[in-house]
Amino acid sequence: MLAIQQLSDSEKYKYRYDLLRKLGMDELEINRTIFKQLFFYFVLPILLPMLISIPIILSVGKVFLVGVTIEEIFKNIGIVVGMLILVYGIYFIATDVQFNRNINGD
């Protein structure tokens with residue numbers, strides 16, 4: 001949903017970035033601005049749930065300490081979070097590339 005919304009809004013942003021080009025902003029600065037815009041748009045929806053879920057996972061994990069060690073719990077949390085960040089990162093990069101193509105007309 002995040003990528004679809006950003007890519008559909010890219011036509012609206014194209015005019016704004018064209019105006020920034022006319023005001024003297026170079027391509028590198030425009031690409032950095034696009035990256036920052038998309039980065040905050042992608043990071044904020046995932047940051048809050050991750051911060052909320054950590055104490056919940058730790059409190060629920062105490063129930064299972066009889067059969068599972070705390071190291072195994074943290075290892076599984078790390079694996080799941082790592083996979084989530086990997087998939088989310090690939091999705092973010094693909095959106096950034098397509099957004100830049102829409103803005104720059106490539």
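The values are calculated or read from the model by the stated rules, or taken from the named source; none is laboratory data. This is a predicted model, so every value here is computed, not measured. Cβ atoms come from the backbone with ideal geometry, glycine included; neighbour counts cover every protein chain shown.
One table, with the values for the structure above:
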read-out	value
Candidates G78, G24, G82, G105 - the one that is modelled with pLDDT of 85 or more and on the phi > 0 side of the Ramachandran plot	G24
Residue in segment 64-77 that is under 23 Å from the mean Cα position of the chain (by Cα) and among the aliphatic types (A, V, I, L, M) present	yes
Pick from segment 3-28, criterion among the polar types (S, T, N, Q) and either surrounded by 14 or more Cβ atoms within 10 Å (Cβ to Cβ) or in a loop (DSSP other than H, G, I, E, B) (or both), ranking: nearest to the chain's Cα centre (by Cα)	Q6
Evaluation of E71 against (1) on the phi < 0 side of the Ramachandran plot; (2) part of a loop (DSSP other than H, G, I, E, B); (3) loosely packed, with under 10 Cβ neighbours inside 10 Å (one fails), failing number	(2)
Any hit, segment 83-104, residues being exposed (fewer than 14 other Cβ atoms within 10 Å of the Cβ), among the aliphatic types (A, V, I, L, M), more than 24 Å from I4 (Cβ to Cβ) and under 22 Å from the mean Cα position of the chain (by Cα)	no
Scope segment 83-106; condition free of Cβ contacts under 8 Å to residues at least 40 places away in the same chain and within 19 Å of F40 (Cα to Cα); matching residues	L84, I85, L86, V87, G89, I90, I93, V97
Subset tally (residues that are in contact with a helix residue (DSSP H, G or I) (Cβ under 6 Å, 6 or more places away or on another chain) and under 28 Å from I85 (Cα atoms)) for segment 8-30	2
Residue identified as of a type outside the set (A, V, I, L, M), part of a helix (DSSP H, G or I) and touching a Lys or Arg at 6+ places or on another chain (Cβ under 9 Å) among N102, N31, N76	N102
